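Bear in mind these aren't lab numbers, they're just calculated from the coordinates by the rules spelled out. If you're wondering where the values come from, they're calculated on a predicted model, not measured in any experiment. Neighbour counts are summed over all protein chains in view; Cβ atoms, including those assigned to glycine, are modelled from backbone coordinates with ideal geometry.
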Amino acid sequence: MAEQRRLTGFRRQNGAVGTRNHVAILPVDDLSNAAAEGIASLVPGTLALPHAFGRLQFGEDLELTFRTLIGIGSNPNVAAVVVIGIEPNWTNRIVEGIAKTGKPVEGISIEGRGDLKVVEQAARIAQGYLQEASELQREPVDRSEIMLTTKDGESDTTTGLGSCRITAYLSDKWVEAGGTMIFGETSELTGGEHLIAERCVDDTVRSRFQEFYDGYIEMIEATGANLLGSQPTQGNIAGGLSTIEEKAMGNIVKTGTAPIVGALAPAEAPTRAGLHFMDTSSAAAECVTLMAAAGGVVNLFPTGQGNVIGNPVQPVVKITANPKTAASMADHMDVDCSDMLTRGRSVEEAGDELIDIVERTINGRLTAAESLGHREFTITKLYRSA
Amino acid sequence: MAEQGPSFLAHKSGDAVAVAVRDIKPGNAVVGYLDETPSVDVEVRADVPLGHKVALTDTASGADVIEYGVRTAIATADIVKGDYVHTHNVRSARWQNSVA
C-alpha cells in the first residue's frame, strides 16, 4: 500500500480544521455589499462576500439566512471576520453566532455613520486581522478532521460512469478513516430516494430524510410546471440524460456505500463524523454555499458538460469523465478521468488520482476554480421577503 | 494510441440501455458492462452521440426502461433494439409534467 500523504491544515480555536486561511468581510445584507467591497479593496488579501439578500426576510427563510451567514463566518477556512450590516441588531446577531467559534470577529453597522466612515474603521480592523492571520501556521492533520462535501453539476451520463464512481471511492475511504462527507441535492434523488432511505443508520435519520425529501417534492409538484429543461437541465439533456430518475441514479452513485448517519437541514453543521445527507437545492452555487456554511472545507464536484462553479470559502475540485469536456474546458478541470470510459481505466487507479489531487488541495494547492476567481456565494431563499 | 474498448457501457446486467463512450455511427458495436456481465454486440440503427443511449432490448410504448438496475424512464414510443433512446421516446415515470 502506498504511504499516506502528510496532510496539513489550520486548526482553529474550536478545534475545527481548515484548508484555507481567509479574512472574510461579510455583509449581513445587500445594502452593505458596497462597504464590504470597499474594505476588501483597501486591504487586499481580505475576502469580501457580497450577496443578494438579508432584508425583510422572516420566519424559516430568515433563520436559514442567519444560519448561512453565521456558518460561512464560522467555517474553519476563515481565520477572522469583519461583519458589516445596515443596522446593529441583525449585525450583532451574526457577530455573536460567529464568536462562538472563538475566532476574531467584529461587526460595524452603517446607519448613523455612512459607508465612508464604516469602511475606514472596518479596514483598520481587517488590516489587523490579516496580519494576525498571516502568522498562523499549518499543522499536521488527519483525514478524520477534514469535512468534505460533494455536489455534481451539468451532469451527463459520463458522471454516473466515471466521475461519480471515483468520488464514491474517495468518500468511502474518507468515512472509513473517520472523516466526514456531506451530499445533498434533494430533488435529484428522485427515482432512487428509496436507496438513500435504506442506507440511513436508524429510523430517526430515515424519517428525517423522508420528511426533507417529501417536502421538497411537494413544493416542486405544487407548481404544476413542466420540469424538463430545468431538472434535468438543458445541459443535462444535451449530454444525454433523459429523465430526473436517470440523473438521480448518477448523483446517487457518488455517495458510495457508507451508511448515512445524519439528515441535515440546509446549512446545518453535522455533529458526528460519517456520511450525511443535507436538504439542498440542486443548483450548484446554492448547494455548495449551504455545504460551506455547514463547515465543509473542500468540495468534490463531478461534472459532465462542464459546470464552472467555485466558492469563496470552500475550494471546489472539478472532476470530469467526459472526454470532450476534459479537452475543451481543461482550464476548469482538476481531474480528468475520461479514460475510465475510453480505455477502461479502473475505479481504483482513477480514484487514487482523485485522492492525490484532493489531498494536495487540502494542503494548499489552488483548484482550477480558485485560480480563475470563481467565488459564487449564493444564499438559498425559501420564499419572498415581507 | 487508438481508441480502444467497447463503444457503449451499461451499468448492470438486465439494463435496457447503454451509453456511448464516443460518437457512434450505425452498424455493429460492442457493449461492455461495469459489473461482471460479459460484453454483447448491438446493431446500432442511428447516430448516437457521446454520452447518449442505445437500446439493448425492444421496449413497448408505456413499458418501464431499466438502467442502473432500476426504472429510470417510461417508453413513450415503441423502442427497437439498436434505437437511439432519449427524450423523443422516453419520459420521466415520476414527474408527470416532465415531457418533451
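So if we plug the beta-carbon distance of A:Ala225 and A:Glu96 into 1/(1 + (r/R0)^6) with R0 = 45 Å, what FRET efficiency do we get, rounded to 0.05? Intermediate values should be presented prior to the final figure.
Numbers: r = 40 Å, r/R0 = 0.90.
Step by step, r from the Cβ atoms, then E = 0.65.
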field: A:Val347 paired with A:Asp202, simple spin-label distance in nm, labels 7 Å along Cα-to-beta-carbon
entry: 2.9 nm
task: Mind putting together the pair-distance distribution for the protein assembly as shown? All Cα pairs, 20 Å bins, whole percent per bin, short to long.
output: 24, 53, 21, 2
Shielding of A:156-163 by partner chains, average beta-carbon count, 10 Å: 5
- request: Using +1 at the Cβ of each Lys and Arg and -1 at the Cβ of each Asp and Glu in the protein assembly as shown, identify which of A:Gly102, A:Val335, B:Leu50 lies farthest towards the dipole's positive end.
  value: A:Gly102
- prompt: Ranking B:Val99, A:Val81, A:Val43 by Cβ neighbours within 10 Å, fewest first, what do you get?
  reply: B:Val99, A:Val43, A:Val81
Cα-based Lys pair tally, chain A, threshold under 20 Å, eight or more apart or on separate chains: 10
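Where nothing but the Cβ of Lys and Arg (+1) and of Asp and Glu (-1) is charged, how large is the charge dipole of the protein assembly as shown around its Cα centre, in debye to the nearest 20?
Details: 42 positive and 63 negative charges, 177 e Å.
Dipole of the protein assembly as shown, to the nearest 20 debye: 860 debye.
Say R0 is 35 Å: what FRET efficiency, to the nearest 0.05, do B:Gln96 and A:Leu372 get from their beta-carbon distance?
Numbers: r = 40 Å, r/R0 = 1.16.
So, using R0 = 35 Å, E works out to roughly 0.30.
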message: Under the rule of at least 5 residues apart or a separate chain, name every residue whose amide H is placed under 5 Å from the amide H of A:Ile379.
response: A:Ala52
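Starting with the fewest neighbours, write out B:Tyr33, A:Tyr129 ranked by other beta-carbon atoms found within 10 Å of each beta-carbon.
On the way: B:Tyr33 18, A:Tyr129 23.
Ordered from fewest to most neighbouring Cβ atoms within 10 Å, B:Tyr33, A:Tyr129 come out as B:Tyr33, A:Tyr129.
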task: At 7 Å along the Cα-to-beta-carbon direction for both B:Thr37 and A:Gln121, put a label point, then send me their distance in nm to one decimal.
output: 6.8 nm
- prompt: Averaged across the residues of B:67-75, what count of C-beta atoms belonging to other chains lies within 10 Å of each residue's C-beta?
  reply: 6
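Once the Cβ-Cβ distance between B:Val80 and A:Glu60 is put in as r, and R0 is 41 Å, what FRET efficiency do you end up with, to the nearest 0.05? Let's see the in-between values first.
Numbers: r = 50 Å, r/R0 = 1.23.
Efficiency at R0 = 41 Å is approximately 0.20.
If contacts are Cα pairs under 8 angstrom and at least 6 residues apart, what is the relative contact order of chain A in percent? Before the final figure, lay out the partial values.
Numbers: 857 pairs, mean separation 83.0, N = 386.
Normalised by residue count, the contact order of chain A is 21 percent.
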- prompt: Gaussian network model of chain A, Cα springs within a sub-10 Å range: biggest mean-square fluctuation belongs to which of A:Ala273, A:Ala34, A:Ala293?
  reply: A:Ala34
Amide H contacts of A:Cys200 (H built 1.01 Å from N, under 5 Å, at least 5 apart or other chain): A:Ile260
message: Give the residue list of trypsin sites (Lys or Arg not before Pro) in the range A:254-337 that are DSSP loop and have at most 14 other beta-carbon atoms within 10 angstrom.
response: A:Arg272
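In debye, nearest 20: dipole of the range A:143-371 around its Cα centre with unit charges on the Cβ of K, R (+) and D, E (-)? Mind dumping the intermediate values first?
Details: 16 positive and 32 negative charges, 76 e Å.
Roughly 360 debye for the range A:143-371.
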- prompt: Do the sum for chain A: with -39,500 (n - 2.57) for every DSSP H run of n ≥ 4, divided by all residues, what is the mean residue ellipticity at 222 nm, to the nearest 500 deg cm²/dmol?
  reply: -12000 deg cm²/dmol
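Once you sort the root eigenvalues of the Cα gyration tensor of the range B:8-91 as a ≥ b ≥ c, which label holds: rounded (a/c under 1.5), prolate (a/b larger than b/c) or oblate (the other case)?
Values: a/c = 1.71, a/b = 1.16, b/c = 1.48.
Note, shape of the range B:8-91 comes out oblate.
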